[in-house]
Each structure stands twice: as structure tokens, then as C-alpha cells.
Amino acid sequence: MFEEPLLIYLADDDAEDRELVVDVFKDIQPSISITEFDNGVTLMDNLLNPAKPLPQAIYLDLNMPLMNGIECLHDIKDEKKLRDIPIFIYSNNLETTKIEALQEKGANLYIVKPNSFQDLKVLLSKSLLYLESIKADPTFPWEFVLTLE
């Protein structure tokens, strides 16, 4: 899929969800490197540390302790060196007003957490296609909410 090694930051307070996402990414493309965070504070500390490499994408759970996904999104988009990193929000929540606010603030995609490995694989594969496509054409009109259809 990607010619160069892909670095992804994954922030989710649920260890089982993180493990599932990592397993799916490794199944899709074993060369993907994933750095995991269990809250938004450590994610932001890492992103703002000049000694740490910046990721090609951030997968961000909406509901986390200490600093939730919305707060992280705001802080990331307010930092000049971070604002162009694609951010994929994922959650069990499908509240329309919240989704619209996330899109307006600059999230790139919204993924509703599915219940199976295979369904998650489909959605995460689509998100990687999105990453490839925005390199080629950043203006390509993607649907904001990723679905299984």
C-alpha cells in the first residue's frame, strides 16, 4: 500500500480497543509503525516533543480521560507544525451535531467503531486509502463519515 514506512499515532484509553486496532493495521500492512497512547495528554506531550517524529496520521478516540478527543483535535489544529497531520476520529457515538463540529474543527474522517475485526479492517483500509489519495489530490471530495458501504 505505502512505499515508505507509515507512522501512526493511536490514542484510545481502552487497551482492548487499541490492541484490536493495532492487530488490524498489522494485518492490513505489517510495516505500519504504531505508537500508542492511553490519553490525550501523553499524545500531546509526544506531538509537541521536537525529539519525537511526527506521524503521518492520528487515530483519535473521542472519549478519553484527562484530555478527550475533541480537546486534542483543538490543540492539534491550533499548532502550526501539527495542523496538517490527518486526524481520524473514531467512536461509538454517531451524534450528528458532534460529528459536524469535529468536521468543522478540522478532523479528516470520522469512523464509527464496528463490532468485528473484519468490519474494522474494511474501515481502516478505507482510511489508509484516504491517506494515499490526499497525497495525490488533497481536494478530492471524501465522505467525512466512513461506513462499511
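The values are calculated or read from the model by the stated rules, or taken from the named source; none is laboratory data. Nothing here was measured: the structure is a model prediction, and the numbers come from that model. Every residue, glycine as well, gets a Cβ built from its backbone with ideal geometry; the counts of neighbours run over all protein chains shown. The protein model used for the area step is the full one, side chains on, heavy atoms only, and it has no ligands, DNA or RNA in it. Shrake-Rupley method; radii C 1.70, N 1.55, O 1.52, S 1.80 Å.
Miscellaneous remarks
- Residue match in the range 70-84 (condition: under 12 Å from the mean Cα position of the chain (by Cα), open to solvent by 10 Å² or more (accessible area, probe 1.4 Å) and under 23 Å from SER133 (Cβ atoms)): no
- Which listed residue is loosely packed, with under 11 Cβ neighbours inside 10 Å and either touching a Pro at 6+ places or on another chain (Cβ under 9 Å) or not hydroxyl-bearing (Ser, Thr, Tyr) (or both), from ASP137, ASP61: ASP137
- Against the numbered list (1) under 22 Å from PHE140 (Cα atoms); (2) assigned to a strand (DSSP E or B); (3) open to solvent by 10 Å² or more (accessible area, probe 1.4 Å), GLN103 comes up short only at (2).
- Residue that is modelled with the highest pLDDT, among those in the range 24-83 that are in contact with a Ser or Thr (Cβ under 7 Å, 6 or more places away or on another chain) and of a type in the set (A, V, I, L, M): ILE28
- ILE89 being under 23 Å from ASP137 (Cβ atoms), open to solvent by less than 10 Å² (accessible area, probe 1.4 Å), of a type outside the set (Asp, Glu) and in contact with a Ser or Thr (Cβ under 8 Å, 6 or more places away or on another chain): no
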